[in-house]
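Enquirer: I have a structure here, written as structure tokens, and I will follow up with some questions on it.
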Amino acid sequence: MKNCRIGLVLLSLLCLATPAYAQFQYPAPGARNAAMGGSFIALDDFWSAANSLAGAALLHEDHFQFGISHQQHHMLSHSTQQIAAILPIKNGTLIGGLATFGNHDYRESMFTAGYAMKLMPTLAMGISSHVLTTSVSDAYYDNPPARVTISAALQYQTQNVIIGAKVFNPAFVQMGTETESHIPVVMGIGASYQIHESLLATAEFEKNIYLPLTSKLGIEYTYRDCLSARIGFSTNPGIYTFGLGYQGTSYNIDLAAQMHPYLGLTPQISGNIRF
């Protein structure tokens with residue numbers, strides 16, 4: 001454990017093409033999955049549970065957990081901040097969170113509340129509701145009313161393999177009639193394979209109905225159960241990702257970076273603590 005306390009080398013870089021208008025499908029919080037090509041559906045950490053709710057029921061944790069994530073898009077003024085909490089209860093797990101995107105002139109917010117439960121010892125499902133709002137600092141612009149949508153997820157785990165699926169906004173809820181105000185329907189499936197006790201590989205496919213199919217790949221190498229190095233890649237438009245992570249006894253800290261071929265770098269940092 002001493003060798004792992006060498007501390008984290010700050011990694012800055014990571015990218016995601018962010019829509020210019022209301023899209024309400026934020027980058028999945030958590031620098032771990034961001035460094036692995038953005039794949040999160042078949043991971044089993046705190047942030048993957050917040051992103052794909054079924055994972056929360058299979059975390060094998062009985063502690064309250066809280067986390068914060070920050071992403072600076074392409075090193076510009078636009079940023080995404082996300083907080084999340086997971087509370088195990090007798091028959092499942094409660095999840096809550098808040099995500100905001102934008103700057104002082106334009107901001108989107110998404111409030112989330114969800115519940116996950118085991119259907120079998122190795123199979124779980126989760127469902128959440130989301131309240132979506134938009135705020136524009138323009139006296140001549142009428143902010144649209146808040147909208148409510150849902151997301152749902154399934155996850156199946158064996159000793160070395162996790163398979164998951166998720167859908168966001170299956171009811172096709174929209175903020176307005178204009179194309180730029182559409183809330184996308186997003187579906188995804190993914191799998192992870194523990195090749196060795198220190199080596200994990202992930203693969204995922206995601207389809208936003210307004211965008212081409214995206215493929216995501218990631219690899220994670222963990223040294224002495226505490227220090228991890230990660231790399232990944234996602235298609236459309238072709239984003240390279242990498243990062244580092246430190247796993248303490250009651251907390252995790254992760255750093256990541258994504259390189260967009262046209263827009264440059266986006267750094268992300270996240271952390272969570274168990275009480």
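The values are calculated or read from the model by the stated rules, or taken from the named source; none is laboratory data. Computed from a prediction, not measured in an experiment: that's the story for all the values here. Here the Cβ is made from the backbone with ideal geometry for all residues, glycine too, and neighbour counts use every protein chain on show. Accessible surface is based on the protein model in full, side chains and every heavy atom, while ligands, DNA and RNA are left aside. Shrake-Rupley method; radii C 1.70, N 1.55, O 1.52, S 1.80 Å.
Enquirer: Which residue pairs have Cβ atoms closer than 9 Å, lie 6 or more positions apart in sequence or on different chains, and pair a first residue in the range 231-254 that is in contact (Cβ under 8 Å) with a residue 24 or more places away in the chain with a second residue that is of a type in the set (K, R) and surrounded by fewer than 18 Cβ atoms within 10 Å (Cβ to Cβ)?
Expert: Y246/R5; S250/R274; N252/R274
Enquirer: What are the pairs, 6+ residues apart or on separate chains, where a residue within the range 67-78 that is without any contact (Cβ under 8 Å) to a residue 60 or more places away in the chain and within 25 Å of I95 (Cα to Cα) has its Cβ under 7 Å from a residue that is open to solvent by 50 Å² or more (accessible area, probe 1.4 Å) and among the small types (G, A, S)?
Expert: Taking only residues 6 or more apart or on different chains, not a single pair turns up.
Enquirer: Moving on to the next point. Find the strands (runs of 3 or more DSSP E) located wholly in the range 90-154 whose residues include 3 or more that are open to solvent by 70 Å² or more (accessible area, probe 1.4 Å), and list them. So that I can check it myself, show each step before the final result.
Expert: Values: elements: 92-102, 106-120, 123-136.
In the range 90-154, the matching strands (runs of 3 or more DSSP E) lie at 106-120.
Enquirer: Determine which member of the set S192, S215, S270 is surrounded by fewer than 16 Cβ atoms within 10 Å (Cβ to Cβ), of a type in the set (G, A, S) and part of a strand (DSSP E or B).
Expert: Values: S192 fails: surrounded by fewer than 16 Cβ atoms within 10 Å (Cβ to Cβ); S270 fails: surrounded by fewer than 16 Cβ atoms within 10 Å (Cβ to Cβ).
Among S192, S215, S270, only S215 is surrounded by fewer than 16 Cβ atoms within 10 Å (Cβ to Cβ), of a type in the set (G, A, S) and part of a strand (DSSP E or B).
Enquirer: Kindly list the number of the only condition in (1) touching a Phe, Trp or Tyr at 6+ places or on another chain (Cβ under 7 Å); (2) of a type outside the set (K, R); (3) at pLDDT 95 or above that fails for S192.
Expert: Going through the list (1) touching a Phe, Trp or Tyr at 6+ places or on another chain (Cβ under 7 Å); (2) of a type outside the set (K, R); (3) at pLDDT 95 or above, S192 breaks only (1).
Enquirer: Let me ask something else about it. In the range 195-212, how many residues are crowded, with 21+ Cβ neighbours inside 10 Å and closer than 23 Å to L265 by Cα? Don't jump to the end; show me each part of the working.
Expert: Taking the range 195-212 as the starting set, the residues that turn out to be crowded, with 21+ Cβ neighbours inside 10 Å are 200, 202, 204, 206.
Filter once more, so that each one left must be closer than 23 Å to L265 by Cα: 202, 204, 206.
The qualifying residues number 3.
Enquirer: Scanning for something free of Cβ contacts under 8 Å to residues at least 12 places away in the same chain and not in a strand (DSSP E or B), does the range 35-58 turn up at least one residue?
Expert: Going residue by residue through the range 35-58, those that are free of Cβ contacts under 8 Å to residues at least 12 places away in the same chain are none.
Within the range 35-58, none of the residues are free of Cβ contacts under 8 Å to residues at least 12 places away in the same chain and not in a strand (DSSP E or B).
Enquirer: Which pairs turn up if I take residues in the range 209-220 that are within 11 Å of T235 (Cβ to Cβ) and look for partners that are loosely packed, with under 15 Cβ neighbours inside 10 Å and at pLDDT below 95 with beta carbon separation below 6 Å, at least 6 apart in sequence or on another chain?
Expert: P212/N236; T214/N236
Enquirer: Could I ask something else about it? Mind checking which pairs have a first residue in the range 256-272 that is in contact (Cβ under 8 Å) with a residue 12 or more places away in the chain and a second that is among the basic types (K, R) and surrounded by fewer than 18 Cβ atoms within 10 Å (Cβ to Cβ), Cβ under 6 Å, 6 or more apart or different chains?
Expert: Every condition considered, no pair remains.
Enquirer: Does Y223 fit the bill of being open to solvent by 20 Å² or more (accessible area, probe 1.4 Å), aromatic (F, W, Y), out of contact with any Asp or Glu (no Cβ under 6 Å at 6 or more places or on another chain) and farther than 26 Å from I195 by Cβ?
Expert: Values: open to solvent by 20 Å² or more (accessible area, probe 1.4 Å): yes; aromatic (F, W, Y): yes; out of contact with any Asp or Glu (no Cβ under 6 Å at 6 or more places or on another chain): yes; farther than 26 Å from I195 by Cβ: no.
Considered against the rule, which asks whether it is open to solvent by 20 Å² or more (accessible area, probe 1.4 Å), aromatic (F, W, Y), out of contact with any Asp or Glu (no Cβ under 6 Å at 6 or more places or on another chain) and farther than 26 Å from I195 by Cβ, Y223 comes out as no.
Enquirer: Out of all the residues in the range 66-80, which are closer than 17 Å to L265 by Cα, open to solvent by 20 Å² or more (accessible area, probe 1.4 Å) and not hydroxyl-bearing (S, T, Y)?
Expert: The answer is H70, Q72, H74, M75, L76, H78.
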